[in-house]
Amino acid sequence: MNGAKERVQIRRPLQPFNMLFIKRRRDFSQKHSDEAGVFLLYSSYHPKRRIKRSASAGLLLPLCLILILVCPPGVSQPAALSPPQLDQLVARIALYPDPLLANILTASTYWNEIPEAAAWADQHSYLRGDAMAQAIQTDHLQWDPSVLALLPFPSVLDMMARDPAWTEQLGNAVLTQYPDVMDAVQRMRRLARRYGYLTTNGYINVIETGGCIQLLPVNPDVLYVPYYDPLVVFAPPRPGVAVGGAIHFGPAVTIGAIFGGWGWWLGSGFAWPSHTILIDRRPWQRVWINRSEYVHPYMHPWVRPVGPRVEVHRLRR
């Protein structure tokens, strides 16, 4: 109680002080009418000051609403990566053939769909060619076509699913700085080419024109996934070490016309000089700003089936 009384006694004198301050200000304005005009002009109680504040508040409110809509809280654009960071980011996929690499880059922008797609691809890895394409259709798979395009490559999806942080970082880099990503791929290819690891063989054609290196499949309908150690192929070979066996290739993956709805109809790849990713021979233009509503203009677009996914194929291990 003593403490309560003390608090009351401390707070009570504030009210007379406020009244005294107002009274003294009124007395001042009566005795010094000339100076009072200046005092009131800069006072927060002046009507002109209130009008200015109201006008400012009216302008700030629409501006705040626009900023909230354009930049939703908690969703900020990732910081740009430096060239060395990008080199390290793309090292594991830089030597993939252009059509496959283009689909990996675009699918990485849907990184949240990769784990489930990788599980489906692993469970249906016994399917090949047209049987795989028919399974994708009859199972009512709901993922983006860029992700569906990788289902014939279970090892690639497994790599992306096992390292979700890398996949998300790659997807963010494609959304925010894809020309820099393409430049990083070219830098790594030039290193492997310089050290003698990257050469034409029975799986890929290495074509170097205008300072850009293309990796194209020998047969456009058959692709092979390369396997290599980035610490080996992007470094000078040690004396006496053969470089011919540094890059291995997996089994053949046939991509027929039935895969056209997922970007393989007219092929995927790059227009390297203009820094353009091509899917179905059309520029991929999904970036950070339009990532929520972008729909790629496929020549034969895949229409997602209505309803949930339905599993109609026998699973094998």
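Values quoted throughout were computed directly from the atomic coordinates according to the rules given, and no laboratory measurement underlies them. All of these numbers come straight from a predicted model, not from anything done at the bench. Note that we place each Cβ from the backbone using ideal geometry, even for glycine, and neighbour counts take in every protein chain shown.
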Fill in: Alpha-carbon centroids, region 128-168 and region 226-282: separation in whole Å
17 Å
Practice prompt. Any chance you could run the full-extension gain for Ala119 through Gln88? It's 0.36 nm times the residue separation minus the Cα-Cα distance, nm to one decimal.
Written response: 8.5 nm
Worksheet item: Expressed in nm to one decimal, what extension gain is obtained for the pair Arg193 and Cys212 from 0.36 nm per residue of sequence separation less their Cα-Cα distance?
Response: 5.7 nm
Item to complete: Could you work out the local net charge near Ala107, counting Lys and Arg as +1, Asp and Glu as -1, over the other residues with Cβ closer than 9 Å to its Cβ?
Response: -2
